[in-house]
Structure formats: C-alpha cells, structure tokens
Amino acid sequence: MGKRAIVIGGSISGLFAACLLRRAGWQVDVFERSDVELKGRGAGIVSHQQLRDILGECGAGTEDLGVDVEHRLLLDQAGNVIGRHHYPQIVTSWDRLQNLVRPIQPEGSYHLNHNFVGFDQDLGGVVARFENGRSERADILVGADGFRSATRNILFPEVQPIYAGYVIWRAVVDESDLSPDTHAALFDKFAFFLAPGNEIIGYPIAGVNNDLGRGKRRYNFVWYRTIDEERLREMLTDATGHTHAVSIPPPLVRSDVIQEMRDKAETFMSKPMLGILRAVKSAFFTPIYDLASPSMISGRVALIGDAAFVGRPHVGLGVTKGAADAKALADALRASSDDIDAGLKTFSVERKLIGDRVVARGRELGAFLNLQHTDHCIDEHHQNDLLRNTAADQFLYQ
C-alpha cells in the first residue's frame, strides 16, 4: 500500500495537500464534513505567482484563472484618483480555484459527510475518528480544516483567535447591475478608498461558472470597519437572540445590522464605491482575528493553511499560503525518504517562520484602522503603504 496520508478538510488547502502528496508517492484520502460538494464559499481572491506555479505542478493549470488588472487606484470621497500604483495581478475567486483543483482528485479518494472528531497516534502513525463511527489509519494526518480547525483545537487548545478590533464586510455584485457611471469609474480597476477606521477595496472577478465575458463578470466589494467588542457581540447575535462565537453564518446576520452598515456608508464613502454597495443584493461580515500556532506539527499530525496561521486579509495570502504549506509538506516528506518524522520537522520549521511573518505583516497593514487620525485624514505614508503592499507578497522574499 505504501505510505498513506489522511487529509481533514476538503477545501482548497486540503485539495492541494492531497494532490502534491500523491505526486510525492503517497496514497491520500480527503475527508470533508459537508455532505454536499463545496461551492460558493468566499468571493474574490488575489493570485500570486507562487499559487499559479503550484496549480501547474498539481496539473490543474491556470487557464481562464481570472481577470487581469494592471493598476491600483486610490480614490477620494468624490471619486477622484489621488494615488496610482502599477501592479499587474490576476484576481480570481474561491469558486474558480476549487473548481480547478477538485476534479483532479482520483475517484473514491474524496469523502463527503465525514465530521472529524478526534485521533489517536502512536510511533507508527495516526488513527482518525469520525462522527459516523468510521476510523481510518494512516502514517500522517494533515489538518487542512481552516480557521475553526478541529485538528488544531485538539493539538493546541490554548490557541484562540484574538480579535483585531474590526470586521470585514464582503459582497459581490453582477457587472450588469452597475450603473454606467459606476462601471466606468471602477470595474476594470483594483480600487481603494481610505477613511479613519475604514478601508474599502474593490476589484473585478469572473462571473458565475467562471464567465469572463463582458457584462457577465462580477465586482468584489470589501469593507474593513472598526467595531468595538460590545457592538460586535450585538452584531453576532441573530434574530432568535443567540450570540454566535467567533463569527455568524451569513444567512443569520440580522437585517437591522445590514441596514445600519448601508446607512453608515451613505455618510462618508467614496461615490463610486457607494455605487457598488447600492447595487449589492446581499452582504455578510466576518470579524477579523489573528491566530498563530506554536508549531505546524505534533507527532504525526501536521497543520496547513488557516488551520495553523490566520493572517489578516490585507495580506491577501490565505490561499497561496495554504498551497505553499502543502507543497512544503510534500517536498519535505519526499526529501526525507522513509524518515517521516524528520520530514515533518523540516516542514514545521520552514513554514512556521512564514506563518509568523504573514501574521505580523497583516497586523502592520491593519494597524492604521485603529489609529487616531488628525483632521479625519489618512496620512500619505499609510496611503502609499496600503496601495503598494495590500495583497502583495514581496515581503516574503526580502
């Protein structure tokens, strides 16, 4: 049978891990708790060369990956361009990436409706246990189960998310729903608007079923907004009075919370950005947290992606980091030959350094949101820093 890995979590990071481990000679099974195929989870994603290289290595390819954008623009409240930075990128979506990597999983290796509840490990491997009574033994277990990772909670229960002091509102709007003026001002651009306690970003992505045709695409809208912890608790409380821990499912966000968000936008937001928001049919928010694990491994259990480290979305490296974690794991295990434990240790040392740097960078980019600004203006240093370094990965190579 050879060496076997169990991957917990069937989203993008888990799929990358499965693909790359197979290419390193491992037998891999992926277990996903959802009982239906994952889709429509997330909106826009900024790609990086490292992500595109790993897609190619997996055999998924990058054809029609997303929308090319050439420039970043900083707008003032009236919609005038007050800053510009040339930074070519391909902006894509969670759906597109999932649809590229999911079909390359071998038949019978991807298992839905398996809620992971625990594991037992010894010197020879790991036994994963699932809520439905199933158990599976493997040489290693890979926790790719995201921010709410059950795997991490077992390994490092002391690691808890730290609220950053602000939330992110997300939405997508169909290109065809935008007014001509709003479309002309924003659609083909990676746009920024900054105000004290607020950062709004937008960029185009493919439409439904990865449609890149003119008029069929969508615009991704992101709004970071400072919210104190008392107000956050109110926002996390649904219409039944239940207050959710950490985050609230999008369908349960109360209508009055959404209306308050829209009303606030009318008081200060840049005119083109406001045009985007007015065309939005539904929006949801997620509190922003920092999370860092003390190690990427414990025995024969490894963590990758958001299960290990969560960098704030300003960094724009969530998917790329998960893919790179998966590649580093497969490479280290290949290089260590039959010494699995040595390979895991090499992987952990390498990728923990990266995880720590990503978390630190996210804090740096998000710091201006909680600053007290004079004259209700963002200083030029922070403007240039955000325009040049949001969703940019140069800091990893410096």
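The values are calculated or read from the model by the stated rules, or taken from the named source; none is laboratory data. Quick caveat, the model's predicted, so the values are computed rather than measured. Neighbour counts are summed over all protein chains in view; Cβ atoms, including those assigned to glycine, are modelled from backbone coordinates with ideal geometry. Surface accessibility is based on the protein's heavy atoms, side chains included, excluding ligands, DNA and RNA. Shrake-Rupley method; radii C 1.70, N 1.55, O 1.52, S 1.80 Å.
A few remarks follow.
- Taking every Cα-Cα distance in the stretch 79-146 and sorting them into 10 Å bins from zero, the calculated P(r) comes out as 14, 31, 24, 13, 10, 8, 1 percent.
- One chain, two ends: residue 367 and residue 395. Fully extended at 0.36 nm per residue, the span grows by 8.4 nm beyond their Cα-Cα distance.
- Overall dimensions of the stretch 21-136 by Cα: Rg and Dmax, Å: 20.1, 64
- The 1.4 Å probe gives accessible areas that order 240, 320, largest first, as 240, 320.
- Loop-resident trypsin sites (Lys or Arg not before Pro) (DSSP state other than H, G, I, E or B) in the stretch 86-184 with no more than 16 further Cβ atoms inside 10 Å of their Cβ: 134, 148.
- Mean shadow area of the stretch 234-289 over all directions, Cα convex hull, nm²: 4.4 nm²
- Across the alpha-carbon set of the stretch 193-236, the Rg to Rh ratio works out to 1.21, Rh being the Kirkwood radius.
- Counting Lys and Arg as +1 and Asp and Glu as -1 over every other residue whose Cβ lies under 10 Å from the Cβ of residue 31, the net charge comes to -2.
- Neighbourhood net charge (9 Å Cβ-Cβ; Lys/Arg +1, Asp/Glu -1) for residue 387: +2
- Note on the chain: with charges restricted to the Cβ of Lys and Arg (+1) and Asp and Glu (-1), its dipole about the Cα centre is near 400 debye.
- Electrostatic tally near residue 172: other residues with Cβ closer than 11 Å to its Cβ, Lys and Arg +1, Asp and Glu -1, net 0.
- Note on the stretch 65-108: Kirkwood hydrodynamic radius from all Cα pairs is 13.2 Å, rounded to one decimal.
- Relative pair counts by distance (%), Cα atoms of the stretch 1-83, 10 Å bins: 13, 32, 29, 13, 9, 3, 0
- Accessible surface, the stretch 1-141, averaged per residue in Å² (probe 1.4 Å): 44 Å²
- Antiparallel bridges, percent of DSSP beta bridges restricted to the chain (to nearest 5): 75 percent
- Length, then width, then depth: along the principal axes, the Cα atoms of the stretch 322-369 run 49, 16, 9 Å.
- Accessible area of residue 230 in the full protein assembly, 1.4 Å probe (Å², nearest 10): 120 Å²
- Average silhouette area of the stretch 251-324, convex hull of alpha-carbon atoms, in square nanometres: 7.5 nm²
- Rule-of-thumb Rg ratio for the stretch 15-62 [Cα; 2.2 N^0.38 Å; N residues]: 1.35
- Value of D in µm² per second that Stokes-Einstein yields for the stretch 107-217, Kirkwood Rh from Cα pairs, at 4 °C (1.567 mPa s): 68 µm²/s
- The Stokes-Einstein estimate for the stretch 182-262, based on a Kirkwood radius over Cα pairs and taken at 10 °C with 1.306 mPa s viscosity, is a diffusion coefficient of 105 µm²/s.
- Per atom type, the chain shows carbon and sulfur on 49% of its accessible surface, probed at 1.4 Å.
- Accessible area (Å², 1.4 Å probe, nearest 10) - residue 388: 120 Å²
- Convex hull of the stretch 256-395 built on C-alpha atoms - directionally averaged projected area, nm²: 11.3 nm²
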